[in-house]
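The values are calculated or read from the model by the stated rules, or taken from the named source; none is laboratory data. Since this is a predicted model, take the numbers as computed values, not measurements. For neighbour counting, all protein chains shown are included, and Cβ atoms are generated from backbone atoms with ideal geometry for every residue, glycine included. Calculation scope for accessible area: heavy atoms of the full protein, side chains included, ligands and nucleic acids excluded. Shrake-Rupley method; radii C 1.70, N 1.55, O 1.52, S 1.80 Å.
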Amino acid sequence: MPAKPKFYLTTPIYYTNGLPHIGHTYTTVVADVIRRYKRMRGYEVVMTTGTDEHGVNVERAAKKAGVPESEFVAKMADAWRALWNELGLPAEEFVRTTDLRHVRTVQWLFKLFRENGYVYKGHYTGQYCIYDNAFVNDAKPGDNCPDCGRPTETLTEENYFFKLSAFQKPLLDLYKKNPDFIQPESRKNEIVSFVEGGLKDLSITRTTLRWGIPVPGEEPHVFYVWFDALTAYLSAVGGPDYEKRGMWPADLHLVGKDIIRFHTVYWPAFLMAAMLPIPKQVWAHGWFLMDASKMSKSKGNVVLPRPIANMLGMDALRYYMLRETVFGQDGNFSYDALVTSYNANLANGLGNLSSRTLTMIQQYCGGRIPKPTDSHVKSTILNLAFTQELGMIVGNNDLGEVGDYNTLNFSGVLQHIERLISNVDGYLVQQKPWAMAKDDAKVQDLANVLYDAAEALRIITILIHPIMPESTEKIWKQLGQPGKLDEERIDKLAWGQLKSGTEIGTVTAVYPRIDHQEAIERIESMANEELNPTAPPALAPTAAPSIAAGAAAATAPAASEKIGIEDFAKVEMRVGQIKTAERIVGADKLLKLTVDIGTEIRQICAGIAQFYEPDSLIGRKVAVVTNLAPRKLRGVESNGMIIAASVGPEGRPVLAGFLEDVEVGARLK
Ligand code: MSP
């Protein structure tokens, strides 16, 4: 079998002085979409992300936290990695700039510069903040430090310089020979004129910074953070031994517009100086703005990904980000638009198509994909519509079509898919399979129409899979399709491949409709909890299953430690009776209960949804802790806690109850 073609793509490596917000999530999501798409076209793909851990900001943040830098960055790197995993965005390579493999690569690259005559020792003079121990870029004598506001001083330090000036012509040649190297076009013009304006040599070591990669034999010199950071792309795939891994050069570096110069000027110049292969393309996307300004922690306008993923699912966030913003341009983020997009495009659009099609197959065709006539498959109007749109989405070389996925026009991809969905909806309304089902003479017509709808659903599910990987797997199973969806070849799709006779799976709503206002309030409330953790973290229902309801996670005293009766008496417990019970959208472990505790009816959330059917709980008497401070769980207020035993290694909750009838409101002592 011939080897697969390779594709290597990267996200920027993120600073470790904060945690991801949806701006960072955007870059990583786009990389993930491209990775999945390329894989579905038969490529061997490696995606790299990671953390940029050196520099004065980390030095400061570690100092503030009162821990050594190495400990600080290790924790942050773990948190970034864990969040990407939680959001379904794990990369093949997660590179940290404190990794030994990376340190070796940086030092090796510098050695090549030296051997090839591209570095020299010189002096750098600039404005320096003695309080922050850092040069202030672009400051003039007399300027204050933008960070601490105190006066800067003019300082000269010894540095190694990289002969960037020698690369003006080679860079301009590179841009000319590879017109697609910088994307989008508008950014390319900006970079070309910057380089045409002349390049100054670049200082690539520092002696005023301590937390960095040492220059071997030249201590106290450490490498400049950007030289260090850019090299991570190469360290991740073999560093000095990159040829063995076979992934370098990168096919695509995805970056935000703020860091394009580093990637399209410095980085290729560094690689040229070391005589290493140059990446094929750098794509700069725009920013996600909140109220027209860039998100930042200091402005207090950051949007976090986790609460959104909890409430609507990560796929809803992916859909919204890619559909509403033209890739390359800035986009505005709003919860309102996000939830509107969810209800319109997912609950009503794809979700509705999926459940109505599958329900009809269940009801009218005995739960098996019906058999259409051969002539119908060829001539159906949907076949024509789909074949045409397919070319526009994934490209069709025979017709010379480019394909929106290939040009990273994700908004275009989704618009085509939306059009397909409404085509199918319109077709169903016109054909009325529900009426055909009542007419014995129309059995074959019914089979033809429902086959069409199911085939359309299969193709749409494959086409949208790179953008919505999690939920499409569910639709795939409901359609009764064998094998893994991500192993389907997106470039070999054709109408009529769906097999008749296949038994479909259990039909459930993949994107349940949600109340607009409630969704926003709950997302905001979860975000607020994450940003301002006042109490100990909310108890994840699985984390301490001995109590079924959410409440602040108290650290239990060691088994041997005894408490006095006065401590026990502080806990008020009463007999309660469950009045209502319902599932909570976006929280598959929690049930929302209303419980009569004698004096009032309370709303309590309990982490028992995986073990108790809501209906089976109505009327049941339970033991309730009634004097707990209220808390929000997944954004839903919980006013008390239901007691349960925790059974087995998984901590299955079993509700505590009473063998004799007891009065509601009676106190437990
Ligand atoms: N560490 C450097 C990159 C080194 S790459 C060799 C860095 N880190 S960063 O964490 O500040 O930013 C990483 C990426 O996140 C950048 O591409 C930046 O554009 C992107 N974003 C940060 N905020 C953003 C938005 N609000 N919207 C979209 N992307 C944004 O720069």
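Observations on the structure shown:
- Selection from segment 260-278 of residues that are within 12 Å of the ligand (Cβ to nearest atom), touching a residue at least 60 places away in the same chain (Cβ under 8 Å) and open to solvent by 10 Å² or more (accessible area, probe 1.4 Å): Arg261, Tyr266
- Yes/no for Phe270 being more than 21 Å from Pro184 (Cβ to Cβ) and more than 17 Å from the chain's Cα centre (by Cα): yes
- Single unsatisfied condition, Pro12 versus (1) open to solvent by 10 Å² or more (accessible area, probe 1.4 Å); (2) more than 20 Å from Trp287 (Cα to Cα); (3) in contact with a helix residue (DSSP H, G or I) (Cβ under 7 Å, 6 or more places away or on another chain); (4) in contact (Cβ under 8 Å) with a residue 60 or more places away in the chain: (2)
- Flag if Met290 is aliphatic (A, V, I, L, M), within 16 Å of the ligand (Cβ to nearest atom) and either at negative phi or touching a residue at least 24 places away in the same chain (Cβ under 8 Å) (or both): yes
- Residues of segment 1-25 that are under 17 Å from the mean Cα position of the chain (by Cα), modelled with pLDDT under 95 and over 14 Å from Arg81 (Cα atoms): Ile22, Gly23.
- Lys257 open to solvent by 40 Å² or more (accessible area, probe 1.4 Å), within 16 Å of the ligand (Cβ to nearest atom) and more than 19 Å from Ala273 (Cα to Cα): yes
- Test: Val95 is free of Cβ contacts under 8 Å to residues at least 24 places away in the same chain, over 14 Å from the mean Cα position of the chain (by Cα) and not in a helix (DSSP H, G or I): no
- Residue match in segment 45-54 (condition: away from the ligand (no atom under 16 Å from the Cβ) and either under 24 Å from Leu252 (Cβ atoms) or more than 16 Å from the chain's Cα centre (by Cα) (or both)): yes
- Residue-level analysis places Pro249 among those that are open to solvent by 10 Å² or more (accessible area, probe 1.4 Å), within 16 Å of the ligand (Cβ to nearest atom) and at pLDDT 95 or above.
- Arg306 within 30 Å of Phe167 (Cβ to Cβ), open to solvent by 10 Å² or more (accessible area, probe 1.4 Å) and either part of a helix (DSSP H, G or I) or of a type outside the set (Lys, Arg) (or both): no
- Entry remark, segment 626-669: residues being among the charged types (D, E, K, R), in a strand (DSSP E or B) and touching a residue at least 60 places away in the same chain (Cβ under 8 Å) number 4 in total.
- Screening Ala77 with (1) within 13 Å of the ligand (Cβ to nearest atom); (2) more than 18 Å from the chain's Cα centre (by Cα); (3) under 30 Å from Gly313 (Cβ atoms); (4) not β-branched (Val, Ile, Thr) gives one miss only, at (2).
- Test set (1) β-branched (Val, Ile, Thr); (2) part of a helix (DSSP H, G or I); (3) more than 30 Å from Ala347 (Cα to Cα) - Ile278 fails condition number: (2)
- Residues that are open to solvent by 40 Å² or more (accessible area, probe 1.4 Å), not in a strand (DSSP E or B) and not polar (S, T, N, Q) within segment 338-379 comprise Ala344, Arg356, Tyr364, Gly366, Lys371, Asp374, Lys378, listed in sequence order.
- Selection count where residues are closer than 15 Å to Arg458 by Cα and open to solvent by 20 Å² or more (accessible area, probe 1.4 Å), scope segment 405-421: 1
- Taking the criterion of being among the hydroxyl-bearing types (Ser, Thr, Tyr), out of contact with any Phe, Trp or Tyr (no Cβ under 6 Å at 6 or more places or on another chain) and surrounded by 14 or more Cβ atoms within 10 Å (Cβ to Cβ), the residues of segment 192-218 that qualify are Thr207, Thr208.
- Reported count of residues in segment 482-502, each being of a type in the set (D, E, K, R) and within 24 Å of the chain's Cα centre (by Cα), is 5.
Every residue, every condition in (1) among the polar types (S, T, N, Q); (2) open to solvent by 60 Å² or more (accessible area, probe 1.4 Å); (3) assigned to a loop (DSSP other than H, G, I, E, B), yes or no:
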site: Gln107; (1), (2), (3): yes, no, no
site: Lys121; (1), (2), (3): no, yes, no
site: Thr125; (1), (2), (3): yes, yes, no
site: Tyr128; (1), (2), (3): no, no, no
site: Tyr131; (1), (2), (3): no, yes, yes
site: Lys140; (1), (2), (3): no, yes, yes
site: Tyr160; (1), (2), (3): no, no, no
site: Leu171; (1), (2), (3): no, no, no
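- Total residues in segment 293-309 satisfying the condition of being under 26 Å from Leu408 (Cβ atoms), at pLDDT 80 or above and within 11 Å of the ligand (Cβ to nearest atom): the figure is 2.
- Breaking point among (1) away from the ligand (no atom under 16 Å from the Cβ); (2) buried (at least 20 other Cβ atoms within 10 Å of the Cβ); (3) more than 24 Å from Lys280 (Cβ to Cβ), for Lys63: (2)
- Among the residues of segment 227-246, those that are out of contact with any strand residue (DSSP E or B) (no Cβ under 7 Å at 6 or more places or on another chain) and either open to solvent by 10 Å² or more (accessible area, probe 1.4 Å) or charged (D, E, K, R) (or both) comprise Asp228, Gly238, Pro240, Asp241, Tyr242, Glu243, Lys244, Arg245.
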